[in-house]
Amino acid sequence: MPLVRISLIEGKSAEFRRKVGDVVHQAMVVAINCPPQDRFQLITEHTKDNFLCAPEYLGIPHTDDLIIIQITLNEGRTTELKKALYQGIAEGLNNAVSVSAQDVFISLVEVKKENWSFGNGIAQYAT
Amino acid sequence: MPLVRISLIEGKSAEFRRKVGDVVHQAMVVAINCPPQDRFQLITEHTKDNFLCAPEYLGIPHTDDLIIIQITLNEGRTTELKKALYQGIAEGLNNAVSVSAQDVFISLVEVKKENWSFGNGIAQYAT
Amino acid sequence: MPLVRISLIEGKSAEFRRKVGDVVHQAMVVAINCPPQDRFQLITEHTKDNFLCAPEYLGIPHTDDLIIIQITLNEGRTTELKKALYQGIAEGLNNAVSVSAQDVFISLVEVKKENWSFGNGIAQYAT
């Protein structure tokens with residue numbers, strides 16, 4: 001169900017990018033009970049001049065390694081579950097691809113369960 | 001009003017991509033009463049390694065022809081209307097560009113009517 | 001907090017694109033009290049055949065200079081604040097890069113305050 005958009009500055013290898021996708025997905029499986037086969041991730045590589053971010057916000061510095069992750073998912077997860085997801089993604093990326101946890105930006109967009117079709121023109125989650 | 005983001009793996013012709021846009025828009029006109037002139041569609045072509053999807057979810061296989069469509073639109077459509085939209089898009093794409101209905105993924109993001117400006121710095125839908 | 005996606009047809013200079021980002025951010029600071037350091041903007045340049053828009057909607061013509069701006073931000077701004085934001089962006093772009101205010105399309109997506117992590121795997125806005 002989640003649709004994941006991952007944005008970063010160009011220059012990282014395909015292996016790096018795949019690992020980023022793997023880590024984000026695995027954190028979703030562990031932290032918010034996302035089914036392992038429910039993986040739909042789009043990665044966009046930007047030139048540096050199309051990736052405009054302030055060097056620091058809320059006391060957290062950001063470098064050119066910043067990864068911006070926007071996840072569209074079903075509404076209703078508790079704040080505790082969301083916190084676990086953020087922690088899982090940031091720690092996982094730090095471990096897997098040596099990106100600083102400071103350089104992991106996450107945005108969630110919540111939608112109703114009838115807002116998805118996974119193929120065949122059917123609303124699989126609608127009741 | 002709807003803003004439509006269409007994502008697919010690179011390699012399809014401009015004609016193919018335009019037909020995808022045409023079909024999605026026509027389904028919105030027919031199924032959810034979208035005005036014919038209300039068309040704003042962004043297509044993004046991804047390399048295969050930036051388009052990370054599981055080969056099967058909910059028993060539906062996905063191939064490299066998978067088309068991911070995310071539509072931001074006004075809130076309030078019934079589940080029945082959303083189902084009609086999904087069916088219209090999937091059947092339409094199958095007819096127009098021979099993509100399997102299994103390879104049509106749709107995500108809806110609903111927003112308030114005052115969340116749009118169509119030009120001139122005005123909130124045209126706000127009351 | 002806001003995540004800003006700016007989409008336009010390719011062919012504009014890096015200076016033009018940076019000015020667009022600057023104007024959008026400045027309007028957010030002025031109109032909706034966005035912190036100056038809270039800037040996260042992704043620009044995507046599309047070929048013309050991947051940027052499919054009707055030439056006119058609601059009596060407003062659109063040219064190939066059309067700029068589509070989608071902003072994910074915290075919920076709760078009043079319609080008056082949103083209107084001020086639209087006006088600030090459209091007037092600012094007209095002044096800074098000579099784009100017609102008719103060619104400024106804005107879409108807002110509102111989310112809960114716990115839906116953000118700005119680094120370190122923490123939900124900085126959650127209470």
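The values are calculated or read from the model by the stated rules, or taken from the named source; none is laboratory data. Just so it is clear, the model here is predicted, and its values are computed rather than measured. Here the Cβ is made from the backbone with ideal geometry for all residues, glycine too, and neighbour counts use every protein chain on show. SASA here: full protein model, heavy atoms, side chains in, ligands and nucleic acids out. Shrake-Rupley method; radii C 1.70, N 1.55, O 1.52, S 1.80 Å.
Scanning segment C:109-127 for residues being more than 27 Å from C:V20 (Cα to Cα), open to solvent by less than 30 Å² (accessible area, probe 1.4 Å) and among the aliphatic types (A, V, I, L, M) gives a total of 2.
Do we have C:E10 as facing another protein chain (nearest Cβ under 7 Å) and surrounded by fewer than 16 Cβ atoms within 10 Å (Cβ to Cβ) here? Steps first, please.
On the way: facing another protein chain (nearest Cβ under 7 Å): no; surrounded by fewer than 16 Cβ atoms within 10 Å (Cβ to Cβ): yes.
No.
Answer yes or no as to whether A:I69 is under 28 Å from C:E15 (Cα atoms), crowded, with 20+ Cβ neighbours inside 10 Å and more than 11 Å from chain C (Cβ to nearest Cβ). Talk me through it step by step, then tell me what you get.
Working: under 28 Å from C:E15 (Cα atoms): yes; crowded, with 20+ Cβ neighbours inside 10 Å: yes; more than 11 Å from chain C (Cβ to nearest Cβ): no.
Taking the combined requirement at face value, the residue does not satisfy it.
Residues that are without any contact (Cβ under 8 Å) to a residue 40 or more places away in the chain, outside any loop (DSSP other than H, G, I, E, B) and surrounded by 15 or more Cβ atoms within 10 Å (Cβ to Cβ) within segment A:30-52 comprise A:F40, A:Q41, A:L42, A:I43, A:T44, A:E45, A:H46, A:N50, A:L52, listed in sequence order.
Out of all the residues in segment B:4-53, which are hydrophobic (A, V, I, L, M, F, W, C) and under 11 Å from the mean Cα position of the chain (by Cα)? Walk me through how you get there before you give the answer.
Taking segment B:4-53 and keeping what is hydrophobic (A, V, I, L, M, F, W, C), we get B:4, B:6, B:8-9, B:14, B:16, B:20, B:23-24, B:27-32, B:34, B:40, B:42-43, B:51-53.
Listed by number, the residues that qualify are B:V4, B:I6, B:V20, B:V23, B:V24, B:A27, B:M28, B:F40, B:L42, B:I43.
In segment B:82-108, which residue that is outside any helix (DSSP H, G or I) and open to solvent by less than 10 Å² (accessible area, probe 1.4 Å) is farthest from the other protein chains (Cβ to nearest Cβ)?
In the first step, residues of segment B:82-108 are kept if they are outside any helix (DSSP H, G or I); the result is B:98-100, B:104-108.
Narrowing further to those that are open to solvent by less than 10 Å² (accessible area, probe 1.4 Å): B:99, B:104-108.
Working: B:V99: 10, B:V104: 6, B:F105: 6, B:I106: 4, B:S107: 5, B:L108: 4 Å.
Only one residue fits best here, namely B:V99.
When segment C:17-29 is filtered for residues that are open to solvent by 30 Å² or more (accessible area, probe 1.4 Å) and touching a residue at least 60 places away in the same chain (Cβ under 8 Å), the ones remaining, listed by number, are C:K19, C:D22, C:Q26. The residues of segment A:54-81 that are part of a strand (DSSP E or B), over 19 Å from C:V111 (Cα atoms) and touching a residue at least 24 places away in the same chain (Cβ under 8 Å), listed by number, are A:I60, A:P61, A:I67.
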